[in-house]
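Below: the structure, in structure tokens.
The values are calculated or read from the model by the stated rules, or taken from the named source; none is laboratory data. It should be emphasised that the depicted structure is a prediction, and the values quoted were computed from it without experimental measurement. Here the Cβ is made from the backbone with ideal geometry for all residues, glycine too, and neighbour counts use every protein chain on show.
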Amino acid sequence: MEIKCESCNETFTATSLQQERIKISAEKGKSKLVLNCPSCRSMVMAKPLVLMGKVTDTVENALDSRIFCCPTTSCIGFIEKEDGEDIFGCAECGTEWASLDNIYSEISKVIALYPYRQKVYIKDNEKYTAISFENIPKSYYKKVQTEKVF
Ligand SMILES: [Zn+2]
Ligand SMILES: [Zn+2]
């Protein structure tokens, strides 16, 4: 399974662990999976559904660019990644993050404050990935809206 890194333009072969994660993500219908490029260590947005041949790349491109539920308290928006740029932002509350690490620490903080929040994030060592957004229950958003703003 060959994956292209958009940061350094290198193509790398997914490790068996990465392949396993890609397979599981595709089965769950996730359109995106964050992997790390072995050459430059940048994050690579792998497309599990495309890699597993479940959808074609054109269909995939029409899908949204949301990567995480926004970890800001009381915000029901999503973090989106600008294509080709390492800038992350939530249009709903206007928060921006300069790196994934900043997002991970924000997620840890909001989970510590509101443990139910961990439902929408999958912890993988010190990193997080998102659950499939279609699987987020409506009650989740209702709860978020009742959070205090800090
Ligand atoms: Zn790279
Ligand atoms: Zn937000």
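List of remarks:
- Search result, residues across region 7-23 that are among the acidic types (D, E) and outside any loop (DSSP other than H, G, I, E, B): E20
- For region 24-53, the candidate set comprises residues that are part of a helix (DSSP H, G or I) and loosely packed, with under 15 Cβ neighbours inside 10 Å; within that set, the residue that is modelled with the highest pLDDT is I24.
- E147 vs. criteria among the charged types (D, E, K, R) and in contact with a Ser or Thr (Cβ under 6 Å, 6 or more places away or on another chain): yes
- Qualifying residue in region 69-84 (condition: within 13 Å of ligand 1 (Cβ to nearest atom), touching a residue at least 40 places away in the same chain (Cβ under 8 Å) and among the aliphatic types (A, V, I, L, M)): no
- Meets criteria (of a type in the set (D, E, K, R), assigned by TED's automatic domain parsing to the domain that holds S139 and either exposed (fewer than 13 other Cβ atoms within 10 Å of the Cβ) or more than 13 Å from the chain's Cα centre (by Cα) (or both)) for E10: no
- Considering residues of region 88-101 that are over 21 Å from Y140 (Cα atoms) and within 13 Å of the chain's Cα centre (by Cα) only, the residue nearest to ligand 2 (Cβ to nearest atom): F88
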